[in-house]
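J.: Sharing a structure, written as structure tokens. Questions coming.
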Amino acid sequence: MNFWSTLFVFAATIFLQCLNPTGAATCHPDDEEGLLAFKSGITRDPSGILSSWKKGTACCTWNGIICHNGDRVTILSLFGFPKKPERSLSGTLSPSLAKLQHLEVFSLEGHRNITGSFPHFLLQLPKLRYLIMEDNHLSGPLPSDISMLSQLEGLNLHGNKFTGVIPNSISNLSRFSGLFIGGNLLTGTIPLGIANLKLMQNLKLCGNRLSGTIPDIFESMRELKFLDLSGNGFSGKLPPSIASLGPTLQALDLSKNNLSGTIPEYISRFNKLEKLNLSGVVPKGLVNLTNLNNLDLSHNLLNDPFPALNVNTIEFLDLSYNQFHLKTIPEWVTSLPSIFLLKLAKCGIKVSIEDWEPAAPLYYHYIDLSKNEISGSLERFLNQTEYLLEFRAAGNKLRFDMGRLTFAKTLKTLDLSRNLVFGMVPAMVASLQRLNVSQNRLCGKLPTTKFPASAFAGNDCLCGSPLSPCLL
């Protein structure tokens, strides 16, 4: 579940509970009938999500149900387990839910075994304001007459299997403030009429198969804060109207498309921008973005020089896989006071890791320095980290005795492949979830681990399971 839907459902729930803290003593017959029909369409409920839904009891007290205006259901909110579908609901959505004529919020999230097409009966709910069906397994086209939901303020269908085009009628939903339809299989172009949605604050169309140019529709969106069009097939240059978003925009992601041209200089005037993920030539004006906490310019064709940023708020930085020749880890990076993720893979860095003294190594969670020419020993650096989860430095010139290496108990991934590491593999690597020390100069008997032979390949004098037995 994304931040927007979480925040809204939480706020709406608290608000309506304050208005009606004990729930209604009775249950409107239409609402009870509709909800029990919904339950009958569920074939599996292994976690007992609907166990409190029993005929003859007050439906306003059932799990996931909130009533306002007496005995009428206004919120139906059922969260599943998107990473553990075996614990979530299975089945289809009953059209009898159309009986809930006072429903304002329908939220069904994280039920990967809920199947079927878009539930058209929802279009019969005249008071529906927020429709959230994220991370289910719904498919087929979006309804062409979705504008029948004239009160709709937010639509979240992220992470399903919807196909076809974005319906033009969505442009008539003038109350819209949030549209989240990323992570589907949608095709076609962005409807020009979206320019009519002047209250839009969150527009997320990422991870689809949309194409064409990004239309020039943003000048009227004076409240837009989050724009994510990444992971599609958009081509051409950025539309001029994106420049009008400077006063409000906080996050911009246009990466993983087929856009051409340069990153416009006007981006440097987006003073509220906290997250930036783009393709193109890095503008010198990037130094003016002093509120950034997430900067991802990875997997592009960006060239030197990279400007020295005057910012201490960055927590996530990824400049990997471009055409930079940084030579050193920049001082402005080294001095960041609270950075959690640092990825500088294939950035032309040629330093000794022993000479790198980051200001706050304690906070690092993820580091990727792969495919550079970094030398030296990791012993001192890894001993400075307490919360590190992932460290990757494959394809460098690191040289040290691995038998003397210690690392934080939190570390789950360690990739030191294709280096000059020697010595024995320490027993503490058994606590890792992923390990790759192939193509080094390691020697001796391997400790007992669960890793495959490929994790240790290319070390000629290593022996023991899963490699060849050691000679007596």
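The values are calculated or read from the model by the stated rules, or taken from the named source; none is laboratory data. Since we're looking at a predicted model, the values are computed, not measured. Here the Cβ is made from the backbone with ideal geometry for all residues, glycine too, and neighbour counts use every protein chain on show. These accessible areas exclude ligands, DNA and RNA; they are computed on the full protein's heavy atoms, side chains included. Shrake-Rupley method; radii C 1.70, N 1.55, O 1.52, S 1.80 Å.
J.: Filter segment 382-397 for residues that are buried (at least 19 other Cβ atoms within 10 Å of the Cβ) and more than 29 Å from the chain's Cα centre (by Cα) and give the result.
T.: Result: 396, single match.
J.: (1) out of contact with any strand residue (DSSP E or B) (no Cβ under 9 Å at 6 or more places or on another chain); (2) part of a loop (DSSP other than H, G, I, E, B); (3) over 17 Å from residue 204 (Cα atoms): which one isn't true of residue 266, the others all being true?
T.: In the conditions (1) out of contact with any strand residue (DSSP E or B) (no Cβ under 9 Å at 6 or more places or on another chain); (2) part of a loop (DSSP other than H, G, I, E, B); (3) over 17 Å from residue 204 (Cα atoms), residue 266 misses (2) alone.
J.: Still on this structure: Only one of these conditions is not met by residue 109: (1) touching an Asp or Glu at 6+ places or on another chain (Cβ under 9 Å); (2) closer than 18 Å to residue 151 by Cα; (3) open to solvent by less than 20 Å² (accessible area, probe 1.4 Å). Which number is it?
T.: (2)
J.: Might you let me know whether segment 253-265 holds any residue that is among the charged types (D, E, K, R) and touching a helix residue (DSSP H, G or I) at 6+ places or on another chain (Cβ under 6 Å)?
T.: Checked segment 253-265: at least one residue is among the charged types (D, E, K, R) and touching a helix residue (DSSP H, G or I) at 6+ places or on another chain (Cβ under 6 Å).
J.: Moving to a separate point now. Out of segment 195-211, which residues are over 16 Å from residue 165 (Cα atoms) and outside any strand (DSSP E or B)?
T.: 195, 196, 197, 198, 199, 200, 201 - these are the residues of segment 195-211 that are over 16 Å from residue 165 (Cα atoms) and outside any strand (DSSP E or B).
J.: Could you check segment 330-369 and list, in sequence order, the residues that are in a loop (DSSP other than H, G, I, E, B), open to solvent by less than 40 Å² (accessible area, probe 1.4 Å) and touching a Ser or Thr at 6+ places or on another chain (Cβ under 8 Å)?
T.: Those that are in a loop (DSSP other than H, G, I, E, B), open to solvent by less than 40 Å² (accessible area, probe 1.4 Å) and touching a Ser or Thr at 6+ places or on another chain (Cβ under 8 Å): 344, 345, 347, 351, 356, 358, 360, 364.
Condition check ((1) among the hydroxyl-bearing types (Ser, Thr, Tyr); (2) assigned to a strand (DSSP E or B); (3) over 21 Å from residue 226 (Cα atoms)) across all residues:
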position: 139; (1), (2), (3): yes, yes, yes
position: 150; (1), (2), (3): yes, no, yes
position: 159; (1), (2), (3): no, no, no
position: 170; (1), (2), (3): no, no, no
position: 175; (1), (2), (3): no, no, no
position: 193; (1), (2), (3): no, no, no
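J.: Follow-up question, since we're still on this one. Please give the strands (runs of 3 or more DSSP E) falling wholly within segment 52-127 in which 3 or more residues are touching a helix residue (DSSP H, G or I) at 6+ places or on another chain (Cβ under 8 Å) and within 22 Å of residue 176 (Cα to Cα).
T.: Working: elements: 65-68, 72-79, 105-109, 113-117.
Where strands (runs of 3 or more DSSP E) fall fully within segment 52-127 and carry at least 3 residues being touching a helix residue (DSSP H, G or I) at 6+ places or on another chain (Cβ under 8 Å) and within 22 Å of residue 176 (Cα to Cα), they are 72-79, 105-109.
J.: Look at residue 230 and say whether it is of a type in the set (Ser, Thr, Tyr), open to solvent by 30 Å² or more (accessible area, probe 1.4 Å) and assigned to a loop (DSSP other than H, G, I, E, B).
T.: So residue 230 fails the test.
J.: Identify all residues within segment 280-312 that are under 20 Å from the mean Cα position of the chain (by Cα) and either part of a loop (DSSP other than H, G, I, E, B) or among the β-branched types (Val, Ile, Thr) (or both); write none if there are none.
T.: Passing the criteria: 292, 293, 297, 298, 299, 300.
J.: Here is a further query. Could you check, for segment 439-446, whether at least one of its residues is out of contact with any helix residue (DSSP H, G or I) (no Cβ under 7 Å at 6 or more places or on another chain) and either β-branched (Val, Ile, Thr) or closer than 26 Å to residue 320 by Cα (or both)? Before you say what the answer is, go through the steps one by one.
T.: Initially, segment 439-446 is screened for residues out of contact with any helix residue (DSSP H, G or I) (no Cβ under 7 Å at 6 or more places or on another chain), giving 439-441, 443-446.
If we keep only those that are either β-branched (Val, Ile, Thr) or closer than 26 Å to residue 320 by Cα (or both) as well, we get 439-440.
For segment 439-446, residues out of contact with any helix residue (DSSP H, G or I) (no Cβ under 7 Å at 6 or more places or on another chain) and either β-branched (Val, Ile, Thr) or closer than 26 Å to residue 320 by Cα (or both): present.
J.: Just the residues that are crowded, with 17+ Cβ neighbours inside 10 Å and more than 17 Å from residue 146 (Cβ to Cβ), please, taken from segment 114-133.
T.: 114, the sole residue that qualifies.
J.: Return only the number of the condition from (1) touching a strand residue (DSSP E or B) at 6+ places or on another chain (Cβ under 6 Å); (2) open to solvent by 20 Å² or more (accessible area, probe 1.4 Å); (3) within 30 Å of residue 233 (Cβ to Cβ) that residue 299 does not satisfy.
T.: All conditions are met except number (1).
J.: Any idea which of 326, 336, 309 is without any contact (Cβ under 8 Å) to a residue 24 or more places away in the chain, more than 17 Å from residue 371 (Cβ to Cβ) and not hydroxyl-bearing (Ser, Thr, Tyr)?
T.: Numbers: 326 fails: more than 17 Å from residue 371 (Cβ to Cβ); 336 fails: without any contact (Cβ under 8 Å) to a residue 24 or more places away in the chain.
None of the others qualify; the one that does is 309.
J.: Please find, within segment 32-51, the residue that is most open to solvent (accessible area, probe 1.4 Å) out of those that are assigned to a helix (DSSP H, G or I) and among the acidic types (Asp, Glu).
T.: 33
J.: What are the residues in segment 168-191 that are of a type in the set (Val, Ile, Thr) and farther than 23 Å from residue 222 by Cβ, if any?
T.: Here is the first cut: in segment 168-191, the residues of a type in the set (Val, Ile, Thr) are 170, 181, 187, 189-190.
Matches in segment 168-191: 187, 189.
J.: Continuing with this model, one more query. Looking at 99, 161, can you tell me which residue is modelled with pLDDT of 95 or more, within 19 Å of residue 77 (Cα to Cα) and open to solvent by 10 Å² or more (accessible area, probe 1.4 Å)?
T.: 99
J.: All but one of (1) touching a helix residue (DSSP H, G or I) at 6+ places or on another chain (Cβ under 9 Å); (2) surrounded by fewer than 20 Cβ atoms within 10 Å (Cβ to Cβ); (3) at pLDDT 95 or above; (4) over 20 Å from residue 454 (Cβ atoms) hold for residue 373, so report the exception by its number.
T.: With respect to (1) touching a helix residue (DSSP H, G or I) at 6+ places or on another chain (Cβ under 9 Å); (2) surrounded by fewer than 20 Cβ atoms within 10 Å (Cβ to Cβ); (3) at pLDDT 95 or above; (4) over 20 Å from residue 454 (Cβ atoms), residue 373 is out only on (1).
J.: Residue 223: in a loop (DSSP other than H, G, I, E, B), open to solvent by 20 Å² or more (accessible area, probe 1.4 Å) and in contact (Cβ under 8 Å) with a residue 40 or more places away in the chain, yes or no?
T.: yes
J.: Looking at segment 164-198 only, could you name the residues that are of a type in the set (A, V, I, L, M, F, W, C) and buried (at least 17 other Cβ atoms within 10 Å of the Cβ)?
T.: Selection gives 166, 170, 173, 176, 179, 180, 181, 186, 190, 194, 195, 197.
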